[in-house]
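Below you'll find the structure, written out as structure tokens, and then a few comments.
The values are calculated or read from the model by the stated rules, or taken from the named source; none is laboratory data. If you're wondering where the values come from, they're calculated on a predicted model, not measured in any experiment. Neighbour counts are summed over all protein chains in view; Cβ atoms, including those assigned to glycine, are modelled from backbone coordinates with ideal geometry.
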Amino acid sequence: MSRWDDERREMMLHSLFITFNPVAYLLGMAALGFLGGLYIWFKPTSNISPQPKQLETATDYVDWGYKIMNADMPEIARINPERRQANCKTALQYFEKAIALNSKLAFGYQGRGMSLICQNNKQAGRQSLAQAKNLYLKEGNKQEANNIDIILKIYSNPI
């Protein structure tokens, strides 16, 4: 018997079940939806541990800063912008430490810029992003420099 015969038989059984017992089918689907909703409701909103691993290099600090800044799900960030800003403020400390360890790390300046913009300090954020762009260009990384240009265009217009 081929695989297709097995799948065809399974589809027939499902369609017969739906046809002859639609209430049980609907109740089963409602139960699955309810369980899925419970999972989403009780799922933790933050996916990072409260304590960082041993941070040694500037890249470690930048990575941890981004984890903190992006810890909340986007839905939570829209509902609770104060919490998002607090995460960005905490992340800023890690970006500053990364820049202190390696002042030529463009990704550190980029993180600092995004963190400052997140805290509504758009002018300082744009300056930090411009520094990141210059460092990316010095590295020969034109793609990241172009990405910074896009971000700068978005945040150059007053809202």
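Considering region 1-39, the residues that are surrounded by fewer than 10 Cβ atoms within 10 Å (Cβ to Cβ) and at pLDDT below 75 include one that is farthest from Gly65 (Cα to Cα), namely Met1. Take the conditions modelled with pLDDT under 95, surrounded by 15 or more Cβ atoms within 10 Å (Cβ to Cβ) and either of a type in the set (Phe, Trp, Tyr) or out of contact with any helix residue (DSSP H, G or I) (no Cβ under 8 Å at 6 or more places or on another chain) (or both) and apply them to Asn80. Does it pass? Criteria not met by Asn80. Is there any pair linking a residue in region 121-147 that is surrounded by 15 or more Cβ atoms within 10 Å (Cβ to Cβ) to one that is basic (Lys, Arg), with Cβ under 6 Å and at least six apart or on different chains, and which? Final answer for the pair search is Ser128/Arg112; Ala145/Lys133.
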